[in-house]
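A short write-up of the structure that comes next.
The values are calculated or read from the model by the stated rules, or taken from the named source; none is laboratory data. Everything quoted here is computed from the prediction, not taken from an experiment. So basically every Cβ, Gly included, is an ideal-geometry build from the backbone, and we count neighbours across all protein chains shown. Ligands, DNA and RNA are excluded from the accessible area calculation, which covers all protein heavy atoms including side chains. Shrake-Rupley method; radii C 1.70, N 1.55, O 1.52, S 1.80 Å.
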Amino acid sequence: MAKEKVILAYSGGLDTTAIIPWLKENFDYEVVCVCIDCGQEEELDGLEERATSCGASKLYILDVIDEFCDEYVVPCVQAHAVYENKYLLGTSMARPLIAKKLVEIARKEGAVAICHGATGKGNDQIRFELGIKALAPDIKIIAAWRNDKWTMDSRESEIEYCKQHGINLPFSADSSYSRDRNLWHISHEGLELEDPGQAPNYKHLLVLGCTPEDAPDEATTVTMTFEAGVPKSVNGKEMKVSDIIRTLNKLGGENGIGIVDIVENRVVGMKSRGVYETPGGTILYEAHQQLEELILDRDTYTMKKDMGNKFADLVYEGKWFTPLREAEQAFIESTQKYVTGEVTFRLYKGNIIKAGTSSPYSLYNESIASFKTGDLYDHHDAEGFINLFGLSSKVRAMKMQEVEKNKNK
């Protein structure tokens with residue numbers, strides 16, 4: 001009789017590699033591994049051999065890079081979704097897509113459960129499980145690190161467990177950064193970063209770029225175009241969104257762009273310190289906002305800024321597959337109808353410096369904005385406006401004067 005199947009979200013790292021024999025030993029499942037390629041690059045090398053040698057019946061590697069960029073990254077860029085003013089959601093925006101693909105393979109394989117290796121202290125357990133519950137409420141979820149049968153509590157114990165099961169791995173017990181990488185970013189946690197009082201060891205830490213101090217002494221000029229809020233070209237070359245991000249990653253990395261050191265508030269309640277490299281994403285966010293400044297009217301811009309913060313919280317908390325996300329995204333997309341134009345900027349030692357923005361839908365009117373008197377604006381009109389705009393302040397001030405006079409009688 002065939003065994004029941006479990007789908008394992010497999011990265012090839014130590015945790016998910018140890019989980020393969022653990023699942024077989026404790027649940028007697030057939031283990032089907034699924035690796036979702038969001039742009040991890042060399043991290044995918046040798047995964048199939050590693051997974052099957054550890055006891056998995058097969059490994060799926062799904063290339064979802066374009067879907068990730070078009071359907072998850074672009075909405076966050078359009079929203080200008082930034083969590084706690086700094087984090088550009090690199091890990092957060094990828095997790096719902098991973099959950100979606102895990103469910104698709106679970107359906108294809110007829111699996112009864114999905115297993116992940118996210119720890120009980122982190123955000124990813126929430127993001128994975130909310131996604132799975134929203135898309136497949138009938139499928140069992142196994143969170144290895146929260147399971148009573150999981151007895152490993154360190155890298156050393158996981159390595160020892162694998163050795164006991166005849167698995168020789170290219171992992172050492174020495175400490176290293178905990179990293180998450182995709183096309184959009186790479187995050188770093190652990191080692192000296194666990195102490196907020198210590199500076200990051202950037203020489204040892206950085207993967208995608210260099211520090212501003214080590215960047216070239218000459219600026220790099222970049223021109224981008226957008227159509228309806230979607231990036232279309234870099235330096236005159238039209239590309240799909242994923243290739244635009246790759247191009248901007250290279251340019252940004254070379255110029256020390258997009259390195260942030262954050263102490264963030266996790267969903268589970270604790271604070272966590274990490275360093276994020278998001279060179280291309282930082283450029284893309286800035287270029288898109290630079291264009292929006294010309295095009296959106298004041299009230300829409302203000303409302304969209306608030307909505308962008310709400311959207312960031314929603315994505316960070318793993319609530320992608322919800323009616324609220326759909327409603328917020330619908331509003332954001334409606335603001336992007338005329339966000340079309342060209343943006344030029346210079347990259348210099350960690351800075352993105354404006355060098356000109358234009359759009360056929362620009363609301364900037366030189367005749368009105370100029371210090372010179374123009375046909376569309378009469379300076380005298382401001383007097384009546386100010387009288388009405390400040391009326392409540394004036395009335396209150398008059399009342400306070402009256403009160404003070406009555407006190408002194």
## Note on the structure
Filtering helices (runs of 4 or more DSSP H) wholly in segment 47-137 for at least 1 residues that are free of Cβ contacts under 8 Å to residues at least 12 places away in the same chain and more than 22 Å from the chain's Cα centre (by Cα) gives 47-53, 95-109
### Query
Restricting attention to segment 207-224, does a residue exist that is in a strand (DSSP E or B) and within 28 Å of LEU97 (Cα to Cα)?
yes
### Message
I'd like the full set of residues that are surrounded by fewer than 21 Cβ atoms within 10 Å (Cβ to Cβ) and among the β-branched types (Val, Ile, Thr), limited to segment 17-64.
### Response
THR52, ILE61, VAL64
### Task
Being open to solvent by 50 Å² or more (accessible area, probe 1.4 Å), among the small types (Gly, Ala, Ser) and under 23 Å from GLU84 (Cα atoms) narrows it down to one of ALA287, ALA327, so name that one.
ALA327
## Note on the structure
Flagged pairs (Cβ under 9 angstrom, 6 or more apart or on separate chains; first in segment 242-263, at positive phi; second in a helix (DSSP H, G or I) and open to solvent by less than 10 Å² (accessible area, probe 1.4 Å)) are GLY256/PRO279; GLY258/GLY252; GLY258/PRO279; GLY258/GLY280; GLY258/GLY281; GLY258/ILE283
